[in-house]
1. Any residue at all in segment 236-244 that's surrounded by fewer than 21 Cβ atoms within 10 Å (Cβ to Cβ), at pLDDT 95 or above and not in a loop (DSSP other than H, G, I, E, B)?
2. Kindly establish whether residue 180 is at pLDDT below 95, touching a strand residue (DSSP E or B) at 6+ places or on another chain (Cβ under 7 Å) and either buried (at least 19 other Cβ atoms within 10 Å of the Cβ) or not assigned by TED's automatic domain parsing to the domain that holds residue 110 (or both).
3. For segment 163-176, name all the residues that are in a loop (DSSP other than H, G, I, E, B), more than 15 Å from the chain's Cα centre (by Cα) and surrounded by fewer than 19 Cβ atoms within 10 Å (Cβ to Cβ).
4. Identify the residue in segment 260-276 that is in contact with a helix residue (DSSP H, G or I) (Cβ under 8 Å, 6 or more places away or on another chain) and crowded, with 19+ Cβ neighbours inside 10 Å and, among all such residues, is modelled with the lowest pLDDT.
5. Going through segment 125-154 one residue at a time, which ones are assigned to a strand (DSSP E or B) and surrounded by 11 or more Cβ atoms within 10 Å (Cβ to Cβ)?
6. Among the residues of segment 280-297, how many are without any contact (Cβ under 8 Å) to a residue 40 or more places away in the chain and out of contact with any strand residue (DSSP E or B) (no Cβ under 9 Å at 6 or more places or on another chain)?
7. Out of segment 214-235, which residues are surrounded by fewer than 20 Cβ atoms within 10 Å (Cβ to Cβ) and in contact with a strand residue (DSSP E or B) (Cβ under 9 Å, 6 or more places away or on another chain)?
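The values are calculated or read from the model by the stated rules, or taken from the named source; none is laboratory data. This is a predicted model, so every value here is computed, not measured. Every residue, glycine as well, gets a Cβ built from its backbone with ideal geometry; the counts of neighbours run over all protein chains shown.
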């Protein structure tokens, strides 16, 4: 028997990867995702089915990847499918449900006030079991599956100099975040060693050694060793910083500036600032004092959360047939 774990790169795959130990999976596991330095590094040694591109809200990509995923169902004896989104969930979960395979969609932790477009579409498929990571909007078919931010707390530490910094803006294509790079470049002292992961952002003329994507292991090591981490409000990037004990400076991308498909990063930023886990700023208001302030805090992890039994959660409400 095989469990399929399906997610787009970035925060979606990071969240699903973090959830695996809580799912207590006895089956063989096959991952379904797009190939990138992040996913290749994160899933090294795993069985992975690489799909084609999966850009947000690209119907053509959803359909072509659905055909690719269909071959997986013919190849493996799939016992269940779990996904944290985004578009790859639309490629895999509806056809799994139509095959009578138990199917679970866990909405991204970025969605603090309601489901994403993917979640809303999957809610139209009665046999897909739906979960939210925010108890505030659980209800109906949406069950609360716990929050990934529950295990962290923050403590103040002694001030320290800034020698090494990590700036990570994710790796998703199409959406740049140049105003963040420009502001960070403006306020950072010239002697600070910086690892820049800038994704598709145009950094021409800024005089920085930017990289579109950094392998997971290398980025993770740099985040652990940094004095301060500045990140966009992508859930995967924020969780990676928290796991490393960092109190990150979080800069949410804004839809009005063409920096993302919508304003869900503002929701993530609100969530972490309410919990006291990060310093949130708009790039225009970011100061050097903010960076020093963030460097003077450390994040620790509380006890690990209990196992998440999706089947038990699902039995709270009778399953609906397709």
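1. Scanning segment 236-244 turns up no residue that is surrounded by fewer than 21 Cβ atoms within 10 Å (Cβ to Cβ), at pLDDT 95 or above and not in a loop (DSSP other than H, G, I, E, B).
2. no
3. Listed by number, the residues that qualify are 163, 174.
4. Here the residue is 268.
5. Those that are assigned to a strand (DSSP E or B) and surrounded by 11 or more Cβ atoms within 10 Å (Cβ to Cβ): 128, 129, 130, 131, 132, 142, 143, 144, 152, 153, 154.
6. Matching residues across segment 280-297 total 2.
7. 218, 224, 225, 227
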